[in-house]
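J.: Mind looking over this structure? Questions follow.
Only the coordinates and a few stated rules stand behind these numbers; no lab work does. Keep in mind it's a predicted model, so treat the numbers as computed, not measured. Here the Cβ is made from the backbone with ideal geometry for all residues, glycine too, and neighbour counts use every protein chain on show.
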Amino acid sequence: MNARAQRFNVSHRARSKFERRGLRSYFAYRDLGIERATRGKVVAHVIRALPGKAPHGEWHYHDCAVQFVYVLKGWVKFEYEGLGRRTMRAGACFYQPPSIRHRELAHSKDLEMIEVVAPARFETRDAKPPAQDRARRKSARR
């Protein structure tokens with residue numbers, strides 16, 4: 001990357017705000033200024049759980065090159081295609097390979113995470129449940 005094309009950036013917590021606009025309605029997001037600093041190459045934000053809001057649990061995937069998350073506080077439970085359910089607690093850092101189907105199942109009331117994604121503008125697409133999940137749902141209906 002050309003260093004001149006990018007900008008130095010500092011985001012101080014005291015001067016930053018969490019906003020309710022973002023990918024999920026049950027989270028608030030604090031932009032860390034990385035998208036602007038990298039001219040759209042990378043986005044980074046702190047994600048905080050909103051009181052009284054719960055995840056939808058819908059299967060989806062992200063059309064991106066890189067996505068990783070560091071859990072600052074609390075815990076979050078995901079289900080991944082081919083991997084099953086995973087609970088990440090404060091101090092956990094996880095990388096989600098591009099286009100892996102997943103869904104959030106639950107999170108603690110005090111959840112806070114840092115998420116980094118490249119490129120900054122990426123698509124989130126709805127996905128059909130993996131075959132094992134569809135089979136499990138079918139047998140539960142019987």
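J.: Any residue in the stretch 74-81 that is touching a strand residue (DSSP E or B) at 6+ places or on another chain (Cβ under 6 Å), free of Cβ contacts under 8 Å to residues at least 24 places away in the same chain and among the hydroxyl-bearing types (Ser, Thr, Tyr)?
T.: Yes; the residues of the stretch 74-81 include at least one that is touching a strand residue (DSSP E or B) at 6+ places or on another chain (Cβ under 6 Å), free of Cβ contacts under 8 Å to residues at least 24 places away in the same chain and among the hydroxyl-bearing types (Ser, Thr, Tyr).
J.: Moving on to the next point. Quickly run through the stretch 91-115 and pick out the residues that are out of contact with any Phe, Trp or Tyr (no Cβ under 7 Å at 6 or more places or on another chain), farther than 20 Å from SER25 by Cβ and either hydrophobic (A, V, I, L, M, F, W, C) or in a strand (DSSP E or B) (or both).
T.: Hit for the stretch 91-115 is ALA92, nothing else.
J.: Among the residues of the stretch 72-90, write down those that are surrounded by fewer than 15 Cβ atoms within 10 Å (Cβ to Cβ) and in a loop (DSSP other than H, G, I, E, B).
T.: Within the stretch 72-90, GLY82, LEU83 meet the criteria.
J.: Of the residues VAL42, VAL66, VAL46, only one is among the β-branched types (Val, Ile, Thr), under 20 Å from PHE122 (Cα atoms) and surrounded by fewer than 16 Cβ atoms within 10 Å (Cβ to Cβ); which?
T.: VAL66
J.: Related question: So, of the residues in the stretch 91-128 that are charged (D, E, K, R) and buried (at least 16 other Cβ atoms within 10 Å of the Cβ), which turns out to be nearest to the chain's Cα centre (by Cα)?
T.: Looking at the filtered set, the residue picked out is GLU115.
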